[in-house]
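Have a look at the structure below, then the notes.
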Amino acid sequence: MTYLPGRRTAYQGLDQLLPNSLLRVQPGRPGGSAPRVEHERFWPWRERVGTTDVDAVHETFRTRFARHVELLAGLGRPAVSLTAGGDSRATAAVARHVLRERDGFAFTYVNPRDARTGPAAMTDVTGAGAVAAQLGLPHRVLRWRQPPAGGTFDVLHRRTYAPLLPSRGAAHAMWADLPKDLVQLQSNCAETGTTFVRRRTDEPLSPLRLARMMMNATDGLEDLAERMYGGYVEHAQMAPGRLLGYDHHDLFYWEQRIGRWGWQKFVDGDLGHRILLPFNDRVLLETMLSLPYPERESKVLLRRLVEEVPAARVPGRRAPPRPAAGAVAVRPAAGTAGAARHGCGRPPAARGRPGAAHLVQGVCRAPAP
């Protein structure tokens with residue numbers, strides 16, 4: 001996986017407009033004031049309101065999420081990108097009726113190399129296929145493959161991503177094998193409202209802290225941190241007072257993992273059809289983030305969606321037990337290594353060892369976080 005961390009871009013002198021930020025441009029006047037460009041955070045726009053009422057939050061979350069899914073699925077022929085993971089199964093559970101009504105389907109892509117070398121890739125495919133069948137949805141399996149050199153997709157992809165070309169096996173599979181009138185429901189961003197970053201500390205934000213958060217490391221990276229995240233805290237306006245009670249771990253995941261890595265998946269889909277995100281709704285995310293950390297870590301809202309639709313469960317997989325009434329889950333203490341969850345079947349990044357990432361011509365090349 002290739003991506004540019006922090007504020008880095010492929011062009012000298014060009015900065016990035018970060019997620020949840022806006023650009024204010026004040027034109028200059030001949031013989032008068034000079035042009036002025038300001039980068040400003042606009043979200044959060046109100047203080048976080050916390051609650052422990054899981055039932056009330058779930059009702060609000062379920063209603064809004066269902067309406068958003070229905071809205072997006074109505075913009076074309078819908079399809080859900082489905083794996084055996086909980087986020088996409090929750091989307092499929094909520095979208096099942098509109099998918100069936102509008103000739104929709106589910107799809108999963110697989111890299112043949114991964115299928116040969118380990119069981120995780122095929123577990124995703126077989127689990128997704130079983131869930132799709134239980135939901136009454138057709139299921140397609142897309143095979144990762146490279147495009148013919150000099151062909152239409154090869155030229156399209158190179159011109160879109162130049163000068164830095166990411167992996168394109170999945171992008172080519174979607175472009176070649178999916179209908180062009182498709183509206184793809186992609187479940188990225190769900191982990192903004194849960195707890196993707198599990199190693200949470202009270203350590204002040206610094207380039208080194210941000211680099212370790214991005215790479216899921218507990219030490220090392222001193223030689224790369226400034227190059228990766230120098231000036232980022234100031235540019236992103238991540239001072240605690242500006243975040244209005246929201247946890248910087250959650251916003252960093254949203255604005256860096258999605259903003260610097262996840263966008264490639266969205267562009268990959270856009271090359272051949274429309275790709276839309278049911279979880280890409282600030283009010284929905286505010287609703288999810290209103291719960292305490294333990295409930296978000298257990299993914300209580302997504303788990304309940306799946307529990308309400310038994311067909312969305314992977315056959316043979318036991319449903320996780322609900323916490324007993326009054327039970328208290330413990331958030332990882334400062335400096336401790338909490339469990340890490342790695343989406344999409346990717347291997348975990350190197351943990352706690354120097355050299356887990358390196359920069360080549362300004363590009364961060366590392367195991368997918």
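Quick look at the values:
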| quantity | calculated |
| --- | --- |
| Members of region 201-218 found to be modelled with pLDDT of 90 or more and either over 16 Å from Asp247 (Cα atoms) or of a type in the set (Ser, Thr, Tyr) (or both), listed by number | Ser206, Pro207, Leu208, Ala211, Arg212 |
| Top-ranked residue of region 119-145 - restricted to ones that are part of a loop (DSSP other than H, G, I, E, B) and more than 24 Å from the chain's Cα centre (by Cα), ranked as surrounded by the most Cβ atoms within 10 Å (Cβ to Cβ) | Leu137 |
| Arg113 among the charged types (D, E, K, R), touching a helix residue (DSSP H, G or I) at 6+ places or on another chain (Cβ under 6 Å) and under 24 Å from Lys265 (Cβ atoms) | no |
| Residue match in region 95-118 (condition: aliphatic (A, V, I, L, M), at pLDDT below 95 and either touching a Phe, Trp or Tyr at 6+ places or on another chain (Cβ under 6 Å) or open to solvent by 60 Å² or more (accessible area, probe 1.4 Å) (or both)) | no |
| From the options Leu210, Leu205, residue that is open to solvent by 30 Å² or more (accessible area, probe 1.4 Å) and either touching a residue at least 12 places away in the same chain (Cβ under 8 Å) or closer than 30 Å to Leu23 by Cα (or both) | Leu205 |
| In region 233-250, residue surrounded by the most Cβ atoms within 10 Å (Cβ to Cβ) [restricted to those that are outside any loop (DSSP other than H, G, I, E, B) and touching a residue at least 12 places away in the same chain (Cβ under 8 Å)] | Asp250 |
| Qualifying residue in region 70-87 (condition: in a helix (DSSP H, G or I) and surrounded by fewer than 18 Cβ atoms within 10 Å (Cβ to Cβ)) | yes |
| Single unsatisfied condition, Trp45 versus (1) under 24 Å from Gln264 (Cα atoms); (2) open to solvent by 90 Å² or more (accessible area, probe 1.4 Å); (3) among the aromatic types (Phe, Trp, Tyr) | (1) |
| Candidates Val183, Val197, filtered to the one that is within 24 Å of Asn280 (Cα to Cα), modelled with pLDDT of 95 or more and open to solvent by less than 50 Å² (accessible area, probe 1.4 Å) | Val183 |
| Selected residue (criterion: nearest to the chain's Cα centre (by Cα)) from residues of region 1-33 that are free of Cβ contacts under 8 Å to residues at least 60 places away in the same chain, closer than 22 Å to Arg260 by Cβ and part of a strand (DSSP E or B) | Leu22 |
| Out of Ala171, Ala217, sole residue that is surrounded by 15 or more Cβ atoms within 10 Å (Cβ to Cβ), in a helix (DSSP H, G or I) and either on the phi > 0 side of the Ramachandran plot or within 22 Å of the chain's Cα centre (by Cα) (or both) | Ala171 |
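The values are calculated or read from the model by the stated rules, or taken from the named source; none is laboratory data. None of these values were measured; they are calculated from a predicted model. Note: ideal-geometry Cβ built from the backbone for every residue, glycine included; neighbour counts use all protein chains shown. Heavy atoms of the whole protein, side chains included, go into the accessibility calculation; ligands, DNA and RNA do not. Shrake-Rupley method; radii C 1.70, N 1.55, O 1.52, S 1.80 Å.
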